[in-house]
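Report on the following structure.
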Amino acid sequence: MKPSFYPTHYVSSIVVLAWLIVMAVNRAMAGNLSLMGSLLLLFGVAVLLVLIIVNLVNLFKWRRKSWHPGPRLY
């Protein structure tokens, strides 16, 4: 049975993290950051990208598990 909708906590966290990355890049493009501020921003964007990847992996795992609810008999 295919899932009718995705779990909202994975999808909403991916959207929120992507929005935070867009806002951070917009802030960096303004050009008013010091060296330490830009390093912290780069570290923060890297952490957010890792969190997006983790949420995408969890979403695909959930999707695979929901399509194959029982043990595979082959």
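Of P3, P69, all but one fail to be loosely packed, with under 10 Cβ neighbours inside 10 Å, at pLDDT below 85 and assigned to a loop (DSSP other than H, G, I, E, B); the exception is P69. For the residues L20, L39, the requirement of being assigned to a helix (DSSP H, G or I), more than 11 Å from the chain's Cα centre (by Cα) and at pLDDT 85 or above singles out L39.
The values are calculated or read from the model by the stated rules, or taken from the named source; none is laboratory data. Computed from a predicted structure; not experimentally measured. Every residue, glycine as well, gets a Cβ built from its backbone with ideal geometry; the counts of neighbours run over all protein chains shown.
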